Amino acid sequence: MAVATHALKQIPFFGELDDDALVQIAAYGQEINFSPGQIVISEGDPCRAVYFVVKGVVRIRRMSLEGREHVLAYRGPGEPFNLVPALDGGPNPATVDALSAVTLYTIPCQHFRRIMHDHHKAALAVLKHLASEVRRLGDMVEDLALHPVRTRLARFLLNHAESSQPPRRWTQEEIATNIGTVREIVSRTLRAFISEGLVRRERGRIVIVDQKGLERIASGES
């Protein structure tokens, strides 16, 4: 399905672009839909397009040589993904799947590069996004390298308690892939948090009981 110019204006990424740029993007764009659990792109495959989330949430993840999965990011409405391979010509750097019903706008790689060449505001928007991604991934690497699972789990629980309305039911396997460990260690650490009165289980959810105590652990205090 073709993309309408007025629909592009609803995506923050395109907010500062003029009408000429939006018309060109709309001419190249297509709307596609995915059901929950469907793979959007696979790690290592040739890059075919850049994607912008219109509705729903996708998960970006990579698999290690040892077979362990790590979640790099989630993308929601208005956010792009797969910019890097569209610019450098390499393969898709990660697998992306739909966590919910998802609507995406896609722009083929060669057309996306032409848009970058023709419209400097579009190029600046891409640079700003990539710079923020470098900063975020740098923080993620530091977190994995320097902080124990106890600290990482506390940060995860605090972050998602604040951002999820209503709270999502995270499985221990999902939490493990998000903080770079395995389910057994997450289970053991959660049991410790429960015995210390920091959290409790409630109808399949993890509820924070002692936020200040969890914040102390998240800051690196013992």
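A simple charge model with +1 on the Cβ of Lys and Arg, -1 on the Cβ of Asp and Glu and nothing else charged puts the dipole of the chain at about 700 debye relative to its Cα centre. The residue among Asn178, Met63, Leu198 whose Cα reaches farthest toward the positive pole of the charge dipole of the chain, with charges on the beta-carbon of Lys, Arg, Asp and Glu, is Leu198. Nonpolar atom fraction for the range 25-164, defined as the carbon and sulfur part of the 1.4 Å probe accessible area, stands at 57 percent. Length gained on full extension, Ser100 to Val23, computed as 0.36 nm times the residue gap minus the Cα-Cα distance: 24.8 nm. Summary: within the chain, the longest segment free of GluC sites (Glu not before Pro) located in DSSP loops with at most 16 other C-beta atoms within 10 Å is 67-195.
Assuming charge only on the beta carbon of Lys and Arg (+1) and of Asp and Glu (-1), the dipole of the range 55-134 about its Cα centre is about 160 debye to the nearest 20.
Calculate how steeply helix 19-28 sits against the longest principal axis of the alpha-carbon atoms of the chain, using the helix alpha-carbon long axis, and give the answer as 0 to 90 degrees to the nearest 10. Computed tilt is about 80 degrees. Quick one: helix 149-163 against the long Cα principal axis of the chain, what's the angle to the nearest 10°, folded into 0 to 90? For 149-163 against the chain, the angle is about 60 degrees.
Placing unit charges on each Cβ (+1 for Lys and Arg, -1 for Asp and Glu) gives the chain a dipole about its Cα centre, and among Gly15, Val134, Pro148 the Cα reaching farthest toward its positive end belongs to Pro148. Residue-wise HN-Hα couplings along the range 212-220, as the Karplus relation 6.51 cos²θ - 1.76 cosθ + 1.60 with θ = phi - 60° gives them from phi, are 5, x, 5, 5, 4, 5, 5, 7, x Hz; Gly and Pro carry x. Averaged over its residues, the chain has an accessible area of 55 Å² per residue, based on protein heavy atoms and a 1.4 Å probe.
The angle between the Cα long axis of helix 109-118 and the main principal axis of the chain comes to about 70°, on a 0 to 90 degree scale.
Quick query: amide H of Val54 versus all other amide H atoms, modeled in the peptide plane; which residues come in under 5 Å with a sequence gap of 5 or more or a different chain? Correct list: Gly78, Thr103, Leu104, Tyr105. Given contacts defined as C-alpha pairs under 8 Å and at least six residues apart, what's the relative contact order of the range 81-222, whole-number percent? This gives 20 percent for the range 81-222.
In the set [x] 0.99; [y] 1.02; [z] 1.07, the label that goes with Rg/Rh (Cα atoms, Kirkwood Rh) computed for this structure is [y].
The values are calculated or read from the model by the stated rules, or taken from the named source; none is laboratory data. Predicted model, so just to flag it, every value in this text is computed and none were measured. Here the Cβ is made from the backbone with ideal geometry for all residues, glycine too, and neighbour counts use every protein chain on show. Heavy atoms of the whole protein, side chains included, go into the accessibility calculation; ligands, DNA and RNA do not. Shrake-Rupley method; radii C 1.70, N 1.55, O 1.52, S 1.80 Å.
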